[in-house]
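Below you'll find the structure, written out as C-alpha cells, and then a few comments.
Derivation of every value follows stated rules applied to the coordinates shown; laboratory data play no part. Values in this document were obtained by computation on a predicted structure and should not be read as measured data. Heads up, the Cβs are rebuilt from the backbone with ideal geometry, glycines too, and the neighbour counts pull from every protein chain shown.
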Amino acid sequence: MYAAATRSLAIAILLSTAVPDASEAAGQIPYGTRAGMLVTIKAMDGIDTEKASIKVEHTRQNAKEFCVEYSLEQSEACVERTLKDVRINDVLIGNCRTAQFTNLRGEQRIFAGANLDHDAVQYSPEYRIFKKGERAYLDGSSGSGYPVDLEQFKALCPSAYAQAMTAFETRPKFIGRWYLDDKKICGNPDGAAEGLLTYTSREFLAIEMACKFTNVRAVGDRYEISMNCASEGQTSKERVTLGVSKGKLVRTITVDRKQTTFTYNRCPF
C-alpha cells in the first residue's frame, strides 16, 4: 500500500509540472503552446505501463481560459468559437515500455530519452522526440510541436521521463563547444577554426581533425578518453584527459610522454 501511494504521489508531482505556467492546476494537460491551450483530464489508466492512457475533454472552462489568457477576450462568442475550432483526440495513449505514444493531434511519436549532445549542438532540445518513421528528432521549437509532445509524454510515462531527466542532468560536463582565446571563433562551424573544439558524447572535432571515441572512463571528476582520429589523410590513436572546473574545460594531452594542459572557455549559444 505504501509503495502504491508513493508511486501515485510521484506521478502526481510529475504531472503537475506537465502543464504551462499559465495554469498549474492538477488535472489539465496542454494541447498547444499558446497560453490557455489546455484540456481537462477526465480519467487516467495504466500510467507508466505499455497501455497508458489519459482521457481528456476540451471543456467550456478550458475555452474560456484560452480566450482570457491568449485572445484577451471575455465574450461568450469567443468561447463558442474556441469550442468549435479545437479539434483534437479525446484520448492520449502510449506504450511506456517502447516510449511510443500518440499525441492529442493523433500523431505518432517516439520519445528517445535525453539528448546528451544538447550543449554541443545549437538550438537542440534537451530530449529527443521523433516523428515515427523519421530519422531527425524534433528541433525543440514551438512550431515543431516538441514542447507539447514532451508534456504529454511526461503525463503518460512519468517514470521514463524521470530516468531521462536524470541522464540529462548527469551527462558529462565536457560536452559542448569550447574556445581557447577569442570567443568570436565560436561563430564558425565545428572543426573550421583554430582553437575551437567540439566534444559530443561520442566524438571530438577540431580544425582538420575528427575523432571517434573508443573508450570513455570516468576517473573522479575527470574523464580519460581514447579515440580513433583522422587528420589530413592520416589516422592515429589519441588519448586525452578532460575535466571541467569553474565552467572551463581543462584538457590534458600527452605527446612523446610529455603532458600538456590547456584551458578553454565554453562557447555561448
With N denoting the number of residues in the chain, provide Rg(C-alpha) divided by 2.2 N^0.38 Å, to two decimal places.
-> 1.26
Provide the packing ranking of 102-113, 193-204, i.e. peptides ordered by the mean count of other C-beta atoms within 10 Å per residue, highest first.
-> 193-204, 102-113
Along the charge dipole of the chain, which of Tyr70, Thr82, Phe101 sits closest to the positive end, that is, farthest toward it, with unit charges on the beta carbon of Lys, Arg, Asp and Glu (+1, +1, -1, -1)?
-> Phe101
With each run of n ≥ 4 DSSP H residues scored as -39500 (n - 2.57), what mean residue ellipticity at 222 nm is computed for the chain after dividing by its residue count and rounding to the nearest 500 deg cm²/dmol?
-> -6000 deg cm²/dmol
Using alpha carbons only, how many degrees (0 to 90, rounded to 10) separate the axis of helix 158-169 from the longest principal axis of the chain?
-> 30 degrees
Given backbone amide H placed at 1.01 Å from N, residues whose amide H is under 5 Å from that of Gln28, ignoring those fewer than 5 places away on the same chain, are Ile41
R0 of 51 Å, Cβ-Cβ distance Asp90-Val219: FRET efficiency to nearest 0.05 | 0.45
Tell me which residues come under 5 Å, amide H to amide H, from Cys267 once H is placed; ignore anything under 5 positions away on its chain.
-> Arg177, Trp178, Tyr179
Give the shape of the stretch 176-266 as rounded, prolate or oblate, defined through the alpha-carbon gyration tensor: a ≥ b ≥ c are the square roots of its eigenvalues, a/c under 1.5 means rounded, and otherwise the shape is prolate if a/b is larger than b/c and oblate if not.
-> oblate
Cα-based helix-to-principal-axis angle, 76-85 vs the chain, degrees rounded to 10 | 60 degrees
Using packing as a proxy for protection, rank 88-94, 133-139 so that the peptide with the highest average count of other Cβ atoms within 10 Å comes first.
-> 88-94, 133-139
Taking Cα atoms, how many degrees apart are the long axis of helix 146-156 and the longest axis of the chain, rounded to 10 and kept between 0 and 90?
-> 70 degrees
Most fluctuating of Arg257, Arg60, Arg177 in the GNM of the chain (C-alpha, under 10 Å) is Arg257
What are the ³J(HN,Hα) values, in whole Hz, obtained from phi via the Karplus relation 6.51 cos²θ - 1.76 cosθ + 1.60 with θ = phi - 60°, for each residue of the stretch 223-240 in sequence order, with x given for Gly and Pro?
-> 10, 9, 10, 9, 9, 9, 10, 10, 8, 6, x, 10, 10, 7, 9, 10, 10, 8
About the Cα centre of the chain, how large is the charge dipole given +1 on each Lys and Arg Cβ and -1 on each Asp and Glu Cβ? Please answer in debye to the nearest 20.
-> 720 debye
Length gain on complete extension for the stretch Ser236 to Ala43, per 0.36 nm per residue less the alpha carbon to alpha carbon distance?
-> 63.6 nm
